[in-house]
Amino acid sequence: MNTVSYRTQPPPVPEPMRAWRFRDLLTRRLVQGVMSSVALLVLLAVLAGAAQGLPSAGRTTLVVFTAAVALWVFTKIDDTYVALGAALALVLTGVVSTDALFDTLGEETIWLLIAAFIIAAGVRESGLATRAAVFIVSGARSVRQLAHLVTAALIVTAFAIPATSGRAALALPVFLALAQALAERKRVVRALAILFPTVILLSAVATLIGAGAHLITSQVLESATGTGISFTAWLLLGVPLAVVSSHCAAELVLVLFTDREDRRIPLTVNVSDMASRLPTPVTGPLTIAENRAATLLAVVIVLWCSEPLHGVHPAIIALLGALISTSPRVGTTDFGKALATVPWSLLLFMAATLALGTALTTSGAAGWLSDGLFTVVPIGSAPPWVFIAVVIVLSVASHLLIQSRSARSSVLVPLVVTTASALGVDPMAAAFASTAAAGFCHTMPSSAKPVAIFAKAEGVETYSPRDLLRLSAFLAPLTAGTVLFFAVFVWPLLGTPIA
């Protein structure tokens, strides 16, 4: 008897999941519809010659910029493909020279990111990061302690692993092991599932290599003002914000997704049980590879942080570290294998959007948009903190339109820098505030890769779109308020006043 059954249709989607997918899509379509109308009006105004006094290069840049943003927002075309197409259009129309476009691939920040990914591959291959994470969380004796220890561990990974998606991929096995060890406490597991991507996204602001958007911000600032943000300066501004915002988010997650009983019951994390579910050893003495990786990482970070003392560019330090990490005798991974982990698509995207951002500032297009903003929103006479607050709110909300964090910075930062200069606001403070606020992208599973990765964790029930909306309703104002507080009260004490 033939026991093989054939299924002609896929299994039906459960009603709650289907409903929330529909609402997720509907919310996104409504927001995109409003913005599409605005983008269309801007494009028509430019084509009709409404941009009086704007040079032809500025009009061309504005048309290309608007078209690129529209394609990023309203289509599923790859972000890098759109960015390269926009950059090529600027070259063919004579707005950007061929040399200027190709020179962006030779920027120091591009080489810094390449080398940082190679070093990260060596750290990941050695198993050091996983061992360190398990060691930290094993000290938890309550759910609150566990949440804050996880938060601390994830903040530290921002110094070792570039880009949020890479950190999410590294942290996922640790979460799965924790989820299996705490399988009977489902609310705690759900809270941890939400906590991991939340902290990964918010803590990225700690370092210059935390996200590709940071490198774009620094390069746009350098093109517009002649001075970017150094690795050390970014650490000085970003680490305090990352620590405060991440631990505040951890408390918020605990309050929203666990009850008092969950937080009251003692907790014991069984390291042996977790070790059996992890791909690399996390107990016993450090292996030779782990010792080498730890030593190299410590030396590289110290040299990065002490750049003002020795004057060696962070990209050169990173390249030396990458060569040592992949050397035949003392390295922890193979050079070819490490090179394969570099996100070349991201690097091409950064180079193309850097050309687009430079064109916006040099052609006068960003200035024209800035003047238009003054006409629509009369903030010219308002205190500097009002402008910073507007920038932060727009940056927090921008993820609803543009999924790519790097694309958001490519769109916002040139406009923010130009407008800030015209208002007498420090461009560096405004650009940093915008980039930090854009780190909030938690509203939907599609809003950020770490959120999507943990939403689909295999074999574990994590969170639903309803949970993300609930989190975002509180986390969005919390993030905006925290960034504004730092911009107005903390960063001036660290040498970066808003005016």
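The values are calculated or read from the model by the stated rules, or taken from the named source; none is laboratory data. The shown structure was predicted, so the numbers you read here are calculated from the model rather than taken from an experiment. Ideal geometry is used to build each Cβ from the backbone, glycine not excepted, and the neighbour counts take in all protein chains shown. SASA here: full protein model, heavy atoms, side chains in, ligands and nucleic acids out. Shrake-Rupley method; radii C 1.70, N 1.55, O 1.52, S 1.80 Å.
Brief remarks on what is shown
- When A294 is tested against the conditions (1) surrounded by 14 or more Cβ atoms within 10 Å (Cβ to Cβ); (2) farther than 13 Å from G127 by Cα, the lone failure is (2).
- The C-beta contact set for region 137-151 (first residue in contact (Cβ under 8 Å) with a residue 24 or more places away in the chain and closer than 14 Å to V188 by Cα, second residue of a type in the set (K, R) and open to solvent by 30 Å² or more (accessible area, probe 1.4 Å), distance under 9 angstrom, 6+ apart or interchain) comprises S142/R263; S142/R264; V143/R185; V143/R263; V143/R264; R144/R263.
- Within region 81-109, tally of residues that are assigned to a helix (DSSP H, G or I), touching a residue at least 24 places away in the same chain (Cβ under 8 Å) and more than 16 Å from L348 (Cβ to Cβ): 1
- Condition met for I402 (surrounded by 18 or more Cβ atoms within 10 Å (Cβ to Cβ), of a type outside the set (D, E), at negative phi and under 14 Å from the mean Cα position of the chain (by Cα)): yes
Rundown of residues vs (1) among the aliphatic types (A, V, I, L, M); (2) out of contact with any Leu (no Cβ under 6 Å at 6 or more places or on another chain); (3) under 25 Å from V134 (Cβ atoms); (4) not in a loop (DSSP other than H, G, I, E, B), yes/no style:
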| site | (1), (2), (3), (4) |
| --- | --- |
| L278 | yes, yes, yes, no |
| P281 | no, yes, yes, no |
| A294 | yes, no, yes, yes |
| L303 | yes, yes, no, yes |
| L309 | yes, yes, no, yes |
| V312 | yes, yes, no, no |
| I316 | yes, yes, no, yes |
| S327 | no, yes, no, no |
| T333 | no, yes, yes, no |
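- Number of the condition not met by F374 [criteria: (1) modelled with pLDDT of 85 or more; (2) farther than 27 Å from L101 by Cα]: (1)
- Criterion violated by L475 - all others in (1) over 18 Å from the mean Cα position of the chain (by Cα); (2) under 19 Å from L254 (Cα atoms); (3) open to solvent by less than 20 Å² (accessible area, probe 1.4 Å); (4) not basic (K, R) satisfied: (1)
- Restricted to region 404-462, and to residues there that are closer than 27 Å to D78 by Cα and in contact with an Asp or Glu (Cβ under 8 Å, 6 or more places away or on another chain), the residue that is modelled with the lowest pLDDT is S446.
- Every condition in (1) within 24 Å of A163 (Cα to Cα); (2) in a loop (DSSP other than H, G, I, E, B); (3) modelled with pLDDT under 85; (4) small (G, A, S) is met by A499 except one, and the failing one is (1).
A quick yes/no check of all residues on (1) hydroxyl-bearing (S, T, Y); (2) open to solvent by 10 Å² or more (accessible area, probe 1.4 Å); (3) over 20 Å from the mean Cα position of the chain (by Cα):
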| site | (1), (2), (3) |
| --- | --- |
| W111 | no, yes, no |
| S126 | yes, yes, yes |
| R131 | no, yes, yes |
| G139 | no, yes, yes |
| V143 | no, no, yes |
| G166 | no, yes, no |
| A179 | no, no, yes |
